[in-house]
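Structure first, then comments.
The values are calculated or read from the model by the stated rules, or taken from the named source; none is laboratory data. Quick caveat: nothing in here was measured; it's all calculated off a predicted structure. Because the Cβ atoms are built from the backbone with ideal geometry, glycine has one as well, and the counts that use them run over all protein chains shown. Only protein heavy atoms, including side chains, enter the accessible area calculation; ligands, DNA and RNA are left aside. Shrake-Rupley method; radii C 1.70, N 1.55, O 1.52, S 1.80 Å.
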Amino acid sequence: MSISTFTQTSYWDVESESKPFLDSDYQADLFWHQGLRPGVFGSEGLAVEGGIGHASNGREGEASRSLNVAFIRPIIRWDLDDTWWVRLSPRFHLYVDTLEENPEIRRYRGFVNFDGALGLRDGLALAFRGRLGSEGDRGLLQTDLSYPLDEWTNGWLHGYVYVQGVWGWSESLLD
C-alpha cells in the first residue's frame, strides 16, 4: 500500500526569557509499506517501507533549507507478553540532491536513524531515535513518551498526550 505523511516540527527555546519558537521544519514522505510473513526471528510482525522524503523549513533567502532523501526501513515487532511489545525500525537514507543549502548535513545526520519503541498495548509507549553523523563526531538522541487519551476519557476524546525530548546535533534544518 502507498502512504503519504506530513509532519511539522517547531523548535521552542524554553530556556530563554521570552520563550520564542526558533524555527519550524516541514516534512512530507511518500512511501510504500509492505507487510511480510510473521515469524521471522520470532517476530509477531515484519514489514518493509521504502520511499522518498522532502524536508523544508519554508523560508526564503539565506535562511532557506531543504533536503530530499530516498529511504528504506525494515520494521520488526515482538510481543513480549499479552501487554508489552517492542519494535525496531532503522531507517537507512541517501541524500538525493546537491545539498547546496545544507553542505554539512551528512556530518550531522549521517545515513541511518536507529528507531525503536517499547509500549503497553493501548497504553504508555516510549520511542527513541538515535543517530551518528557520517564522521562519528556528531549525534542525536530523541525520546518520545505518549499515552492515548482514549484511556483517560473512556473513548470520548481521541489523540495522545505526547512529550518529546531531543539532545544533540541537527535537530532543525536551519541549525
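Quick notes on this structure:
- Only one of the numbered conditions (1) of a type outside the set (A, V, I, L, M); (2) assigned to a loop (DSSP other than H, G, I, E, B); (3) under 15 Å from the mean Cα position of the chain (by Cα) is violated by G58, and that is (3).
- Residue within the range 79-89 that is open to solvent by 30 Å² or more (accessible area, probe 1.4 Å) and aromatic (F, W, Y) present: yes
- The set of residues from the range 83-103 being modelled with pLDDT of 90 or more and assigned to a loop (DSSP other than H, G, I, E, B) comprises T83, S89, P90, V96.
- Pick from the range 105-122, criterion in contact (Cβ under 8 Å) with a residue 40 or more places away in the chain and not charged (D, E, K, R), ranking: least open to solvent (accessible area, probe 1.4 Å): I105
Residues checked against (1) buried (at least 17 other Cβ atoms within 10 Å of the Cβ); (2) more than 25 Å from F21 (Cβ to Cβ); (3) free of Cβ contacts under 8 Å to residues at least 60 places away in the same chain; (4) in contact with a Ser or Thr (Cβ under 6 Å, 6 or more places away or on another chain):
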| residue | (1), (2), (3), (4) |
| --- | --- |
| F92 | no, yes, yes, no |
| D97 | no, yes, yes, no |
| R129 | yes, no, yes, no |
| E151 | no, yes, yes, no |
| G159 | no, no, yes, no |
| S172 | no, no, no, no |
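- Among residues of the range 3-20 that are among the charged types (D, E, K, R), those with a beta-carbon under 9 Å from a residue that is in a strand (DSSP E or B) at least six positions away or on a different chain give the pairs D13/F21; D13/L22; K19/W12.
- Sole residue being open to solvent by 40 Å² or more (accessible area, probe 1.4 Å) and within 28 Å of E104 (Cα to Cα), chosen from G39, G58, G53: G58
- Wholly within the range 121-175, strands (runs of 3 or more DSSP E) carrying at least 3 residues that are touching an Asp or Glu at 6+ places or on another chain (Cβ under 9 Å) and farther than 22 Å from V14 by Cα: 125-132
- Against the numbered list (1) surrounded by 15 or more Cβ atoms within 10 Å (Cβ to Cβ); (2) in contact with a Phe, Trp or Tyr (Cβ under 8 Å, 6 or more places away or on another chain); (3) within 20 Å of S4 (Cα to Cα); (4) not basic (K, R), I76 comes up short only at (3).
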